[in-house]
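Structure first, commentary second.
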Amino acid sequence: MTYRVEGMDCAHCVQKVERLVGTLPGTAAVSTSFTRQTLRLELDESRTPRQTLEGHLRALGYVPALQPDPHAAELPPTPLDTPLHGPQGGGAWYRSGQGRLVLASGALLAAAWLLSLAAPQAADLGFVAVTLLAGAPLARRAVISARLGEVFSINLLVTLAALGALLIGEAAEGAAVVFLFAVGELLEGVAAGRARSGVQALAALTPSTAQLLTPQGPREVPAASLRPGQRVLVTPGTRVPADGVIEEGVSGLDDSAVTGESVPVRRAAGDEVFGGSVSTDGTLTVRVTREANDTTLARILHLIEQAEESRAPTARFIDRFSRVYTPGVVLVSALVALGPPLLGEPLSPWLYKGLSLLLIGCPCALVLSVPAAVTSGLSAGARRGLLIKGGAALETLARVRTVAFDKTGTLTAGQPRLSEYLPAGPDRGRADPDGGTLRLAAAVAGASSHPLSRAVTDAARARGLSVPAVTDAHARPGEGASATLDGRALHLSSTASAAARLGSALDAELGKLGALEARGLSVSVLHDDHVPLALLAFQDDLRPDAAAALTDLRRLGVERVMLTGDHERAAQAAARDLPIDVRASLRPEEKLRQLEALPGPVVMVGDGINDAPALARADVGIAMGGGTAVALDTADAALLGSSLRGVPDLVQLARATMRNVHWNIALALGLKGLFLITTLTGATTLWMAVLADTGATALVTANALRLLRWTPERP
């Protein structure tokens, strides 16, 4: 089941809900999303009815709403169908439950203050009323939390402080405590809505309707109902309703909201398009390739949810620390309140100091310090086409020392073309007018999705060659592809793999290989188990921003290394004008050994197609894929745009986020330390103590929200 949980507005709320649900019998696979305010779980209702689950959530101050089962509806809703609301349901703050509580208690507090001027002897009644009104929800949540295993909750600390204030005759300060705490919770919810704004913007991109092309003409249908294979019409100024391929028309596509690229890209028949992109000046006929719940945008939103579950090591440490810290605060407060009176000191002043310590020790700001910054960082990155799959990857990126790049499809544009084709072995020196061996190469290349293999099949198609059918076709990651034709094993291999398989049989071709590679061409060898049959040379230009991206990384103090299976001469020629070290002729297992030997943490950047082992072995893998499914599903981060400068941008974003985290922790602990000293010296009042906690939470949240305006520094 999936619930939308209104009021789950902070990292502490998320942890509280997870702990609550996890303690109930019959629950499993519990996961929460702060960004989308959702709770997912499996529930055995014979052990815990859903009404019981929902009742516990309401008792803690949350409003659960069960979402429709996407598999039960005739037209399955996409994740984009469920609107992302602001704090407490998306209306104005004063219409929310927390907003009404703040207004009511604030009005009572003002009335009690006015009453204290006119009738001082009756003023305490008004302050007691404020304390009971605003404190009742806190006390109820504290009792429920204690029953469910979380004894030392923030609600308990504030409740004890407010009741203690009433007992020692400080009703005005008790009223101020609960009122300021209520204001702090409201501000936290409003700030959380701001932090979710980037994801809300993504969720709003896909239009709710689409113009479906039918034999009778265009017909408006819900975008969520589109299926692969259907054709839709996209007119100028409207958004593409789903991922697809253009069949007819030419237009500029504004992908800025998805990939972060600010300039519209010209696209025509055969090009892929993202759902949510805007057609700027042309009419397009688009064939849908993905269902609504599997579009690039839907995947991004899902991965952002997954990212929240992969918490940074710092966040996990703070969480463990707070579980010990909060009971420790209660113990120290009790010792301060009761210890001196047991030794003969007056009770009232020391009890007052103990209550102040309870409030100062509230862990809200500390617990919020890491996830607030990480959530803002992830949101800022998503709006710029920089997708990071979790706080752990973000924290590692901030400490990166070496970035390793694949060559083809990463440093190069990934659109190689077959520039030269030379028969070899027995056919050396002969012309190949009928493209006999090129047909064989295309047949073998069909087993691989590597850009070089696609270039071979494109060349054969351009010449109108008929490609023979093969059997046992399979790709060999990092080496090439193989297939069997009429009982003969054929291979399309990198030069290193061909040399290992053929040995001296390749010696006669080494001169040609060297000449081609010296010109910066990538060379593959078509061969059987014994002799080479042809040399295929490919031209793949460097990405226009490769040099700028590598220069940015050098400025950031990060080492750059190219790891490629290409021959040394071809790799050196490609990197001639780049600030990067080259390690070439690497087999897949050699790439992994190189990664392990580099100064770490190490980031690997690949095209997301054939670099999966290296992306997985690196401390952080970054997939270059232009938003393809492979790029989104592989590695720890993905660049949705085509710019290689996204790599240094990711490093800058990670470092900015971790600086923000460190400042947040310093603010939270620094303010607590300051007020601890002033409390023990008697200079802190109860309302100042709760203001210290609320103020620290506000400062931490405001500091984290600054990341939403983050932009990369580019000299």
Members of the range 666-684 that are in contact (Cβ under 8 Å) with a residue 40 or more places away in the chain and either more than 30 Å from the chain's Cα centre (by Cα) or open to solvent by 30 Å² or more (accessible area, probe 1.4 Å) (or both): Leu667, Leu669, Leu671, Lys672, Phe675, Leu676, Thr679, Leu680, Gly682, Thr684
Based on what the data block shows, is Thr701 in a helix (DSSP H, G or I), touching a helix residue (DSSP H, G or I) at 6+ places or on another chain (Cβ under 9 Å), open to solvent by less than 40 Å² (accessible area, probe 1.4 Å) and at negative phi? yes
From the list Leu615, Leu691, Leu632, which residue is more than 15 Å from Ala380 (Cβ to Cβ), modelled with pLDDT under 75 and within 18 Å of the chain's Cα centre (by Cα)? Leu632
Every residue from the range 645-696 that is among the small types (Gly, Ala, Ser), touching a Leu at 6+ places or on another chain (Cβ under 7 Å) and farther than 22 Å from Val177 by Cβ: Gly646, Ala654, Ala656
Just need a number here: residues in the range 106-145 that are open to solvent by 30 Å² or more (accessible area, probe 1.4 Å) and not in a helix (DSSP H, G or I). 0
Scan of the range 508-563 for residues that are among the acidic types (Asp, Glu), crowded, with 22+ Cβ neighbours inside 10 Å and at pLDDT below 85, ordered by number: Glu509, Glu517, Asp540
Leu103: passes all of (1) out of contact with any Phe, Trp or Tyr (no Cβ under 7 Å at 6 or more places or on another chain); (2) modelled with pLDDT of 75 or more; (3) not in a loop (DSSP other than H, G, I, E, B) but (1)
Candidate set from the range 18-68 (those that are among the polar types (S, T, N, Q) and under 19 Å from Ile144 (Cα atoms)); member that is least open to solvent (accessible area, probe 1.4 Å): Thr48
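The values are calculated or read from the model by the stated rules, or taken from the named source; none is laboratory data. Note that the structure is predicted; figures quoted are calculated from it, not measured. So basically every Cβ, Gly included, is an ideal-geometry build from the backbone, and we count neighbours across all protein chains shown. Surface accessibility is based on the protein's heavy atoms, side chains included, excluding ligands, DNA and RNA. Shrake-Rupley method; radii C 1.70, N 1.55, O 1.52, S 1.80 Å.
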